[in-house]
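Okay, structure first, notes after.
The values are calculated or read from the model by the stated rules, or taken from the named source; none is laboratory data. Owing to the predicted nature of the structure, the values given are computational and were not obtained by experimental measurement. All Cβ positions, glycine included, derive from the backbone under ideal geometry; neighbour counts span all protein chains shown.
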Amino acid sequence: MLLPSTLITFALGISLLKTSTASPSQSVQKWDANACAVVVCGPAQNGLPGRDGRDGKEGPKGEKGSQGLQGLKGSQGPPGKMGPAGLVGGKGSPGEKGTKGDIGRSNVEISLCFLVIMFPNGRIVGEKIFMTSGYEGNFDSLKQRCSQAGGQLASPRNAAENAAIQQIVVLYNKSVFLGINDIQTEGRFKYLNGENIVYSNWQTGEPNNDKGIEDCVEVHSSGKWNDKSCGEKRLIVCEF
């Protein structure tokens, strides 16, 4: 039980001895050895926490808990290795017939257009193109050059093709040699592939094989033909 504060003060007061009157300026306080000290005790306070104790022994394994909630979906993993090829499937049924497409240009037409662009002085007739590089030479050299270019000496088989060659003759003002001759048999003119000619446009009185040396055929600006010596030089016109 705690004592009242007035009682504590009184107990402390009677334990002190009064000072001597002989020296009023000095006083000495002494404690009575038989006096009892009264201490006021307040409520106890918690001390500092102690150090952690050592880990105890592992307890027995507990029972299996209930299944938790499903987690979030993870990111997609890398693709796996390609598996072996499967068996060949059966032939499927034919599909429906498609609509008719536009008519495309043939490779021949495209090639001819390309040649015309490269040689603007060329002339197109049907699937043929006639062109010149401006080179002049004898029959054999002209035939060889056209062959090296992937064509052959111009060999008209109708009036339209002959007219195209005539336009080049007029443009250059030079006669040209055709891919036609009677070298093998006199008077029997053939194409370079050995076939007999199917078209001709001879000038009046021709062919006459003048002096017995005219085995090749030239075209004049009129479009008419004349037999001429194959050793003469004429303008080259190739057909492709």
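Pick out the one residue from Glu218, Glu206, Glu232, Glu239 that is without any contact (Cβ under 8 Å) to a residue 24 or more places away in the chain, surrounded by 14 or more Cβ atoms within 10 Å (Cβ to Cβ) and in contact with a strand residue (DSSP E or B) (Cβ under 9 Å, 6 or more places away or on another chain).
Criteria check complete, one pass: Glu206.
Hey, any hits in the stretch 90-107 for a residue that's closer than 30 Å to Asn158 by Cα, outside any loop (DSSP other than H, G, I, E, B) and at pLDDT below 80?
Yes, some residue in the stretch 90-107 is closer than 30 Å to Asn158 by Cα, outside any loop (DSSP other than H, G, I, E, B) and at pLDDT below 80.
For Gln167, state whether it is among the polar types (S, T, N, Q), within 18 Å of Lys128 (Cβ to Cβ) and modelled with pLDDT of 95 or more.
For Gln167, the condition - among the polar types (S, T, N, Q), within 18 Å of Lys128 (Cβ to Cβ) and modelled with pLDDT of 95 or more - is met.
For residues in the stretch 210-240 being part of a loop (DSSP other than H, G, I, E, B) and at pLDDT below 95, which is farthest from Ser147 (Cα to Cα)?
Among them, the one singled out is Ile213.
Against the condition touching a strand residue (DSSP E or B) at 6+ places or on another chain (Cβ under 9 Å) and not small (Gly, Ala, Ser), how does Val170 come out, does it pass?
When the stated conditions are applied, Val170 does not pass them.
Results for (1) in a loop (DSSP other than H, G, I, E, B); (2) polar (S, T, N, Q); (3) at pLDDT 95 or above; (4) surrounded by fewer than 17 Cβ atoms within 10 Å (Cβ to Cβ), shown as yes or no for each residue.
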site	(1), (2), (3), (4)
Cys113	no, no, no, yes
Asn121	yes, yes, no, yes
Ile124	no, no, no, yes
Ile129	no, no, no, no
Leu142	no, no, yes, no
Asn162	no, yes, yes, no
Gly179	no, no, yes, no
Arg188	yes, no, yes, yes
